[in-house]
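Readers should treat all values here as calculations from the given coordinates under stated rules, not as data from a laboratory. All values derive from a computational prediction rather than experimental measurement. All Cβ positions, even for glycine, are placed from backbone atoms using ideal geometry, and neighbour counts span all protein chains on display.
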Amino acid sequence: MRPAYLRRIGAALLIVIAAWIDLRPTDTVLYPFAAADLKAGSAIDAAVIEWRDVPRGLLPPAPPTDGTVRVAIARGEPITPSIVSGDRPSVPGGWWALSTIVPDTVVPGQEVQLVVTGATPRAYPGIVIEPPPPADPLAYRDPIGLVAVPADSAVAVAAATADGAISVLVGPAP
């Protein structure tokens, strides 16, 4: 039979190892968090960002911090890539912008043809203003992008988008 002091030393050693594992320093990175409540469309700048240490790999890579917010976020929430919109071209004069499903591969400024399907298909020109957000493991997949169309075709394209009767043809990237 083993002496009792060996069991006590073994138990104490296990407690020390467990404490070391639990209390050891972890590898952290700085990540942007909202310092105030932000409405959709708000600009992101240094005044609305609070940088916090988070464990490496916990959140997706930090997004650019010079865009706009796609959706409203509350104070203290992380600013992830899926909710930040980068630089985007402006909507041309006499055109209207609408949200529609577009391929992941489009880039801002790229020309597209919006084909309204039905008995007599018709194509309308468009310009991608904002592509769908990048893939984000903390958010759902959102294939919706912002496309500008001429004012005289905006109603037909919006109605077709609402009915799900639209296809997007992608032109060469700018």
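List of remarks:
- Percent RCO, i.e. relative contact order, over the chain, from Cα pairs under 8 Å lying at least 6 residues apart: 19 percent
- Extension gain for Asp163-Arg88 works out to 24.3 nm (0.36 nm per residue, less the C-alpha to C-alpha distance).
- Note on Thr28 and Glu77: the model spin-label points, each 7 Å out from Cα along the C-beta direction, lie 2.3 nm apart.
- Our helix-only sum for the chain, with -39,500 (n - 2.57) per DSSP H run of n ≥ 4 divided by its residues, gives a mean residue ellipticity at 222 nm of -6500 deg cm²/dmol.
- Seen against the Cα atoms of the chain and their longest principal axis, helix 151-163 is set at about 50 degrees.
- Available extension along the chain between Arg52 and Thr105 is 15.9 nm, counting 0.36 nm per residue and deducting the alpha carbon span.
- Projecting the Cα positions of Trp20, Val116, Ala40 onto the charge dipole of the chain (unit charges on Cβ atoms of Lys, Arg, Asp and Glu, taken about the Cα centre) puts Trp20 furthest along the positive direction.
- Label positions at Ala123 and Asp45, each projected 7 Å from the Cα along the C-beta direction, are separated by 4.2 nm.
- Against the chain, whose longest principal axis is taken from its Cα atoms, helix 4-23 shows a tilt of about 30°.
- Residues Ser82, Ser42, sorted so that the one with the fewest Cβ neighbours within 10 Å comes first: Ser42, Ser82
- Fewest-first ordering of Tyr31, Tyr5, Tyr124 by other beta carbons within 10 Å of each residue's beta carbon gives Tyr5, Tyr124, Tyr31.
- Dipole magnitude of segment 27-85, debye to nearest 20 (Cβ charges: Lys/Arg +1, Asp/Glu -1, about Cα centre): 160 debye
- Given charges at beta-carbon only (K, R positive; D, E negative), |dipole| of the chain in Debye: 980 debye
- Label assignment, mean projected area of the Cα convex hull in nm² derived from the structure, set (i) 17.0; (ii) 9.4; (iii) 11.7: (i)
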